[in-house]
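Colleague: Below is a structure I'd like to ask you about.
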Amino acid sequence: MSVPPEPTVSERATPGAAAVPSPPETRLAGGSLNLRRVAFIGLAYFALAPVIYLNMGFIESAAGGPVMPLVFLLITIAIIPTAISFAVMNGRRPSAGSAFTWLWESTRPGVGLWVGWMMITGYVISAALYPLAFAVFFNAFLQYFGVHTSLWTGYGGGLLSIAVATYMARSNIRLGARMIGVLMLFEAAFVAIVAVVIVARGGSLGHFSAAPFNPGAAKAGFSGLGLALVFAFMSIAGVDSIAPVAEESKTPSRMIPLATILITVIAGLFWTLTSYGFAISVPVHTVEAYVSAGQVTPVYPIAQKYVGALAILVPITGFTAAIASFGASIYAASRLLYAVAREGFGPARLAKVDSKTHGPWNAELATILIAAVSLIFFAWWQDGPSNGYGYLGVIFVFFVLVCYLGVNVANLVYHLRYKRPEFRWFVNGAVPVLGIIIDGYILYQGFFVAELGLPFKTGGSIVLFSLLWAVVGIGWAVRWARKRDLRSVSLTTLETDAG
C-alpha cells in the first residue's frame, strides 16, 4: 500500500504551504536496489578484507599484543546503539541526505547544514582512502614478480583503480551493486579460508589461545588499546553507508533499517572470527618486524607461511576489495553531495541526474576527482601510500564520529519534539544517549588523546586539520543562514511505498 511521505518540519511550520517538489530530472531512480544489493554496498563500504590486511599491523603494534578479535568485538558492541539510531531514523525519514536531513528537521536547519558539511567531508575522505589502498597492493603485486616499486608505481596502481571505479560509477547503480557484490564475496571468502587454515593448524603455538580476547595481552596498556580502537573504528564506521542510497532502494523505510543492523552484525562477526586466526598466526614482535621491514601487510608473509603460493591472492583480493569499497564509497559521497546541492547549498550541476544511469554522475565525478588529488598529495606527504592511507583514515574517524553523534541526537530530539506519542524510552531514549556517550568517548580518547600524543606530521596535524575544517564548515553554514531563510526551505520528501 502506498502511503504519502511524512511532511517535513518546515511544512508543518507553514500550514497550507505545499513543499516544492524537485524537478523530474533531479530525481534518483527509486526501486533500483533490493535488500541483497543494498547489503552488497554496505558490506563493501565496511571493506571486509582491507580491514584485516591494512589494519592488522596498526592494531597489534598500537596495542602491543595479539588483541585484534577483542578490539573488533568491543568496537562492534560499541557501535550497535548508533546503528539502531540510524535504523530508526531511516525508517522514519529515508533520504539521500541522511543525517543532514534529520538534524535539519529535528533541531535547527543550520545545525543540519553543518552536519551535512561534516558528512560530505567524511564520505569523500572514505572514497579517497581506496586508491591509496589499491596502490599499496599494486606495489606488493609487482614485488612478488621481482619488479622494483616506488611511489610512482604506487601512483600508477592508484590511478588504475580510479579508472575501474569510474567505469563502475558510470554504470547504473543496479549493475554497479552487482559488480561490487561479486568482488566483495571473493575477498571475504579468501580471508575466511586463510583464517580457517591457521586455526586448524593451531597458529604459531600449535594450539588455541585465549590471549586474543584478554585485555591484559595488550602490553601497551589502556592508551595503546585506545589507539587500536581508533583503527578498528575505521572499519566499523560503515553503519551509515547505506542511508544515502535510501531513495534508490525498494521500500526504504523497511529495507534500510533492516539492512543497517544486518550489515553491522555481519561485518563485526566476520572481523572478530577471522581476525582470531591472524592474531594467533605469529607473535606480535613478528608482526612488528613485518611492519618495520616495509611489508605491505603482515597478512602477506603470514599467508605465505600457511597457504604457500596462494598468498599471491592477498594482493589480488586487495585489488578487488579496494575497488569494491571505492565504488561503495563513491555512491555514499555522491548521493550526499547530490542531496545538499538539490536543496540549493552547492553547485546546481551536482544536483543533476544522468539521463541514462539515473544517478548523480556529476557528484560521482567530483568525488572521483578529489580522490585522485588525495592519492597524489597524501602518498607524497606521508612518504608512501600505506602511510597516506593510515593518515586519511584517522581523519575520517573524526568526521564520521561527529556524524554519529548527530544521528543519535536526531533520534532523541525528533521523537521528543515531533513523535512524542510514539516515543519509546529504550529505542528513542536510552539507546541514543548511550550512543552519544560511547561515540563521544571514542572521539575524545581515541582521537584527541591518542593523536595529540604523536609527532605533528603523523598525529597533531590530523587534529589541527580536522578542527580547522570543522570551523570552516561552521562559517559555511552561517553564510548560508544569512543568505537564505533556512526555515522557509522544505527539504525534498521521498515518495515511496513505505510498506
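Colleague: Can you pull the Rg over Rh of region 351-429, Cα-only, Kirkwood?
Modeller: Rg/Rh for region 351-429 comes to 1.21.
Colleague: Moving on. Shape call for region 181-254 from the C-alpha gyration tensor, a ≥ b ≥ c root eigenvalues: rounded (a/c under 1.5), prolate (a/b greater than b/c) or oblate?
Modeller: Working: a/c = 3.59, a/b = 1.54, b/c = 2.33.
Here region 181-254 falls in the oblate category.
Colleague: So if each residue of separation counts as 0.36 nm, and I subtract the Cα-Cα distance between residue 472 and residue 458, what length gain in nm does that give? It would help to have the intermediate numbers written out before the result.
Modeller: Values: separation 14, 0.36 × 14 = 5.04 nm, distance 2.21 nm.
So the chain would gain 2.8 nm between residue 472 and residue 458.
Colleague: Distance between Cα centroids, region 255-285 to region 60-126: provide it in whole Å.
Modeller: If you average the Cα positions of each part, the centres end up 18 Å apart.
Colleague: Tilt of helix 35-46 relative to the longest C-alpha principal axis of the chain, in degrees (0 to 90, nearest 10)?
Modeller: Once rounded, the angle reads 60 degrees.
Colleague: If you don't mind, another one. Hey, what angle do you get for helix 173-200 against the long axis of the chain, alpha-carbon based, 0 to 90 degrees rounded to 10?
Modeller: Its long axis makes an angle of about 30 degrees.
Colleague: Residues with amide H under 5 Å of residue 33's amide H, sequence separation 5 or more or different chain, H placed in the peptide plane at 1.01 Å from N; which?
Modeller: The list, which skips near neighbours in sequence, is 249, 250.
Colleague: Quote the relative contact order of the chain in percent (integer), defining contacts as alpha-carbon pairs under 8 Å separated by 6+ residues.
Modeller: Values: 895 pairs, mean separation 168.4, N = 499.
Reported as a whole number, the value is 34 percent.
Colleague: Further, regarding this structure: Where does each of 224-230, 154-160 land if you order them by average Cβ count within 10 Å, highest first?
Modeller: 224-230, 154-160
Colleague: May I pose another question? Return 364, 422, 247, 451 ranked ascending by Cβ neighbour count within 10 Å, so the fewest neighbours appear first.
Modeller: Ascending number of Cβ neighbours within 10 Å: 422, 451, 247, 364.
Colleague: Using the 10 angstrom Cβ neighbour count as an exposure proxy, how do 141, 278, 326 rank, fewest first?
Modeller: Details: 141 20, 278 28, 326 32.
Ordered by Cβ neighbours within 10 Å, fewest first: 141, 278, 326.
Colleague: Would you compute, from DSSP H runs of 4+ residues alone, the mean residue ellipticity of the chain at 222 nm, taking -39500 (n - 2.57) per run and dividing by the full residue count, rounded to the nearest 500?
Modeller: About -22500 deg cm²/dmol.
Colleague: Once you sort the root eigenvalues of the Cα gyration tensor of region 351-499 as a ≥ b ≥ c, which label holds: rounded (a/c under 1.5), prolate (a/b larger than b/c) or oblate (the other case)?
Modeller: Oblate, because a/c is 1.5 or more while a/b does not exceed b/c.
Colleague: Ranked from highest to lowest mean number of other Cβ atoms within 10 Å per residue, what is the order of the peptides 460-473, 304-317, 80-93?
Modeller: Result, highest mean Cβ count within 10 Å first: 80-93, 304-317, 460-473.
Colleague: Could I ask something else about it? Quick one: what are the phi-derived ³J(HN,Hα) couplings along region 444-459, Karplus 6.51/-1.76/1.60 with θ = phi - 60°, whole Hz, x for glycine and proline?
Modeller: My calculation for region 444-459 gives 6, 6, x, 9, 5, 4, 5, 6, 5, x, 9, x, 4, 5, 9, x Hz in order.
Colleague: Only sites in a loop by DSSP and with at most 15 other Cβ atoms within 10 Å count here; which trypsin sites (Lys or Arg not before Pro) in region 335-426 make the cut? Let's see the in-between values first.
Modeller: Numbers: sites: 335, 342, 349, 352, 356, 417, 419, 424; in loops: 352, 356, 419, 424.
Of the trypsin sites (Lys or Arg not before Pro), the ones in loops of region 335-426 whose Cβ has at most 15 other Cβ atoms within 10 Å are 356, 419, 424.
Colleague: Provide Rg over Rh for the chain; use the alpha carbon set for both Rg and the Kirkwood Rh (inverse mean inverse pair distance).
Modeller: On the way: Rg = 22.0 Å, Rh = 22.7 Å.
Answer for the chain: 0.97.
Colleague: Please report, for the Cα atoms of region 300-363, the Rg to one decimal and the Dmax as a whole number; what are they, in angstrom?
Modeller: In order Rg, Dmax, the Cα atoms of region 300-363 give 19.0, 56 Å.
Colleague: Tell me which residues come under 5 Å, amide H to amide H, from residue 237 once H is placed; ignore anything under 5 positions away on its chain.
Modeller: none
Colleague: Among 134, 423, what is the fewest-to-most ranking by other Cβ atoms within 10 Å?
Modeller: Ranking 134, 423 by Cβ neighbours within 10 Å, fewest first, gives 423, 134.
Colleague: Measure nothing fancy, just the Cα-based angle from helix 431-441's long axis to the longest principal axis of the chain, in degrees from 0 to 90, nearest 10.
Modeller: 50 degrees
Colleague: Quick one: if the Förster radius is 45 Å, what FRET efficiency do residue 482 and residue 204 give, using the C-beta to C-beta distance and rounding to 0.05?
Modeller: 0.10
Colleague: Please turn the phi angles of region 465-482 into ³J(HN,Hα) values with the Karplus equation 6.51 cos²θ - 1.76 cosθ + 1.60 (θ = phi - 60°), one per residue in order, whole Hz, x for glycine and proline.
Modeller: 4, 4, 5, 4, 5, 5, 5, 4, x, 4, x, 5, 5, 5, 4, 5, 5, 7
Read-outs: derived from the displayed coordinates by stated rules, not from any lab. Source: prediction; values computed, not measured. So basically every Cβ, Gly included, is an ideal-geometry build from the backbone, and we count neighbours across all protein chains shown.
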